[in-house]
Amino acid sequence: MKAPSSTDPRVVRTRAALRQALISLILERGWDAVGIHDICQRAQIGRSTFYTHFADKEELLLVGFDELRRWLRGSRAAGSPEGFRFTRGLLEHAHENRRLFRALVGKRSSLAVQRRFLQLIVELIADELEQPDEPTLNYLAGALFQLVFWWLEARKPLPPAELEAIFQRLSAPVLLAARAAKGAWSRAPARV
């Protein structure tokens with residue numbers, strides 16, 4: 001059973017220690033090689049305390065993704081006015097934490113973690129599009145995910161601003177086509 005969010009300093013400290021332990025272990029060993037016992041040992045926290053806060057290591061990871069999502073939603077004002085506003089913040093964060101992102105979503109990461117990261121991107125794109133259709137939403141999220149994957153593995157990665165410009169440029173025609181199709185669907189006579 002997950003403990004409710006709390007501002008109690010002990011809860012905040014425990015959760016931070018567990019999150020930091022997970023991150024350091026992922027960097028050392030990779031996602032699949034890290035277990036609950038390892039996390040608890042590294043954080044110097046008992047196993048029962050871990051389970052008071054989280055159901056499993058995936059839930060602990062998701063808390064980090066939730067914090068990233070909240071931060072990106074709050075930092076949208078600095079993004080591109082023509083395209084997606086969260087991408088610059090996401091790419092800069094990934095660049096600053098490159099080793100961690102490579103461990104989480106790179107070639108050696110777990111498919112389950114990659115899917116969770118892809119879901120984060122889907123949610124961020126959905127937040128910015130006005131009633132997106134599922135194919136467009138998933139196409140754009142998949143494109144951004146693949147660009148990030150490629151970028152994290154590149155020997156000489158582009159600066160975050162350049163990668164963002166590429167994604168915005170490549171996304172523009174898709175968004176225009178989706179808007180045009182949506183308009184055509186709304187004007188089309190109903191079939192009986």
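V11 fails exactly one of the following numbered conditions: (1) more than 22 Å from the chain's Cα centre (by Cα); (2) loosely packed, with under 12 Cβ neighbours inside 10 Å. What is the number of that condition?
Of the numbered conditions (1) more than 22 Å from the chain's Cα centre (by Cα); (2) loosely packed, with under 12 Cβ neighbours inside 10 Å, the odd one out for V11 is (2).
Is one or more of the residues making up the range 85-92 in contact with a helix residue (DSSP H, G or I) (Cβ under 8 Å, 6 or more places away or on another chain), under 20 Å from E153 (Cα atoms) and charged (D, E, K, R)?
Yes, the conditions are met somewhere in the range 85-92.
Please go through (1) in contact with an Asp or Glu (Cβ under 9 Å, 6 or more places away or on another chain); (2) assigned by TED's automatic domain parsing to the domain that holds L120; (3) free of Cβ contacts under 8 Å to residues at least 24 places away in the same chain for L25 and return the number of the only condition it doesn't satisfy.
All conditions pass for L25, except number (2).
Go through the range 172-192 and report how many residues are assigned to a helix (DSSP H, G or I) and either at pLDDT 95 or above or β-branched (V, I, T) (or both).
The total comes to 1.
What is the number of the single condition among (1) part of a helix (DSSP H, G or I); (2) on the phi > 0 side of the Ramachandran plot that L140 does not meet?
Unmet condition: (2).
Could you list, in sequence order, the residues of the range 137-147 that are buried (at least 19 other Cβ atoms within 10 Å of the Cβ) and touching a residue at least 24 places away in the same chain (Cβ under 8 Å)?
Residues satisfying the conditions are L140, L144, F145.
Quick one: which residue in W31, W71 is surrounded by 13 or more Cβ atoms within 10 Å (Cβ to Cβ), touching a Ser or Thr at 6+ places or on another chain (Cβ under 8 Å) and modelled with pLDDT under 95?
Selected residue: W31, the only one of W31, W71 that is surrounded by 13 or more Cβ atoms within 10 Å (Cβ to Cβ), touching a Ser or Thr at 6+ places or on another chain (Cβ under 8 Å) and modelled with pLDDT under 95.
The values are calculated or read from the model by the stated rules, or taken from the named source; none is laboratory data. In this text the structure is predicted, and so the values were computed from the model without any measurement. Reconstructed Cβ throughout: ideal geometry from the backbone, glycine too, with neighbour counts over all protein chains shown.
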